[in-house]
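The values are calculated or read from the model by the stated rules, or taken from the named source; none is laboratory data. The shown structure was predicted, so the numbers you read here are calculated from the model rather than taken from an experiment. Here the Cβ positions follow ideal geometry from the backbone for every residue, glycine too, while neighbour counts run over all protein chains shown. These area figures cover heavy atoms from the full protein model, side chains too; ligands, DNA and RNA do not enter into them. Shrake-Rupley method; radii C 1.70, N 1.55, O 1.52, S 1.80 Å.
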Amino acid sequence: MNASRYYIPVPALWAGLGVKLPDLIRTWRDPLIRSVCWVIFLGGAGFLFAAPPTVAAVNRASGIPNLAAPLDHVIVSAYSAACLPLILHWRGGPADHVRRLARRRQIGYTVLVTVIIVPFVAGDAPVERRTDLDTYYATTPWIGQMIALYLLGHMTAAVSTTALCRRWALEVRGWPRAGLNLLRSYLDDRVRSRARTAARSAGHGDQEASRIGLAAMIAAAVRARPDGRPVEPAVPDHSAGLMARATLVGVAHALRTSPIVAAARAAVVAAAAPADERTPS
C-alpha cells in the first residue's frame, strides 16, 4: 500500500468523531455514545501510527528502533477492546449484565496490552522495519511471541464480534423485523439519547430508561414518516437488536404511558407544523 493511503481514512474517521463529539458532551454518561467515539478515535489512530512515515518519525523521535510496532499493536488491540463493548451496548440487555461483560473484556485486553509490551522490552529488534516487522522478526525470541500475542488478541476480537453480530441478527424475525426495517431511515438516535437521559433524570433505572429512549425514537419516527421527512443522522441497523433486548412489551408500555415519549412525539409534530401555526414562544 502506498504510504499516503494510510492517512486517507484518518481525517474521514476523525471527521465522524467530530460529528459525534456534541453528543458525547451532552450525554457523556451514555456507554453507547462513549463506545462509538472510542472505536472511531482508535480506528483513525491505528491507520495513523501504521503509516510508514509515522513509523519512521516515532522510531526516530524515541531513538528506539521499531518502537512504533508495539505502539501500533497496542492501539489496534485497544480498538479491538472498544469494538466488543460497542457491540454489547448495541445489543442491549440488563444494564448491569452488559456493564459486567464489557468490563471483563476491557480488563482482558488491558492485560493483553501489558503482555504485548513486556516481550518487546525483553527482546531485541535492532534493524528498523517499517512495513514488514511481523514477518522479519517472526522467529526472533520474544519479538515473535509479541507478534503472536497481538495476532491472537486481534483474531479473538474479530471472531467474538462476528459471533455476537450473527447471534444478534437472528433475534428479531418476521413482522417485527419488517416493521423495524420500514425505524429505520426515520429513526433518530438523538431522540433516543435525549429521552434516555431525561428518563434517568426522572429517576428511572437504566433498563427502563433504555426502553423509554427506544419508545420515544419510534414514536418520533412514526410521526415523521407520513411527512416523508427522513432524519439525519438516522440510527444504524442495530435498532432491531436494541428492540429485541429491551423487550417489545416494555417498549410498548413506554409508548402508551411515558410522558417523555409523548413529549418526543409532540416535538416532531411541532417541528413539522408551518411556522404560522406554531405556538408563539
**OP:** State which residue is farthest from ALA81 (Cα to Cα) when the search covers only region 14-48 and only residues that are open to solvent by 60 Å² or more (accessible area, probe 1.4 Å) and touching a helix residue (DSSP H, G or I) at 6+ places or on another chain (Cβ under 6 Å).
**Re:** TRP14
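Residues checked against (1) of a type in the set (Phe, Trp, Tyr); (2) modelled with pLDDT of 55 or more; (3) surrounded by 14 or more Cβ atoms within 10 Å (Cβ to Cβ):
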residue: GLY205; (1), (2), (3): no, yes, no
residue: ALA209; (1), (2), (3): no, yes, yes
residue: ALA215; (1), (2), (3): no, yes, yes
residue: ALA220; (1), (2), (3): no, yes, yes
residue: ARG223; (1), (2), (3): no, yes, yes
residue: ALA234; (1), (2), (3): no, no, yes
residue: ALA254; (1), (2), (3): no, yes, yes
residue: THR257; (1), (2), (3): no, yes, no
residue: VAL268; (1), (2), (3): no, yes, yes
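Among the candidates LEU88, LEU101, single out the residue that is closer than 16 Å to SER35 by Cα, in a helix (DSSP H, G or I) and open to solvent by less than 20 Å² (accessible area, probe 1.4 Å).
Details: LEU101 fails: open to solvent by less than 20 Å² (accessible area, probe 1.4 Å).
The conditions single out LEU88.
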Subject >> Identity of the residue in region 39-85, aliphatic (A, V, I, L, M) and not in a helix (DSSP H, G or I), that ends up nearest to the chain's Cα centre (by Cα) >> reply: ALA51
Original post:
Quick check, is ALA163 surrounded by fewer than 15 Cβ atoms within 10 Å (Cβ to Cβ), within 19 Å of LEU101 (Cα to Cα), hydrophobic (A, V, I, L, M, F, W, C) and at pLDDT below 85?
Top reply: yes
**OP:** Could you list all residues from region 127-156 that are open to solvent by 80 Å² or more (accessible area, probe 1.4 Å) and in a loop (DSSP other than H, G, I, E, B)?
**Re:** ARG130, THR131, THR139, PRO141, TRP142
**OP:** Inspect all residues belonging to region 27-50 and state whether any of them is in contact with an Asp or Glu (Cβ under 6 Å, 6 or more places away or on another chain) and within 21 Å of LEU164 (Cα to Cα).
**Re:** yes
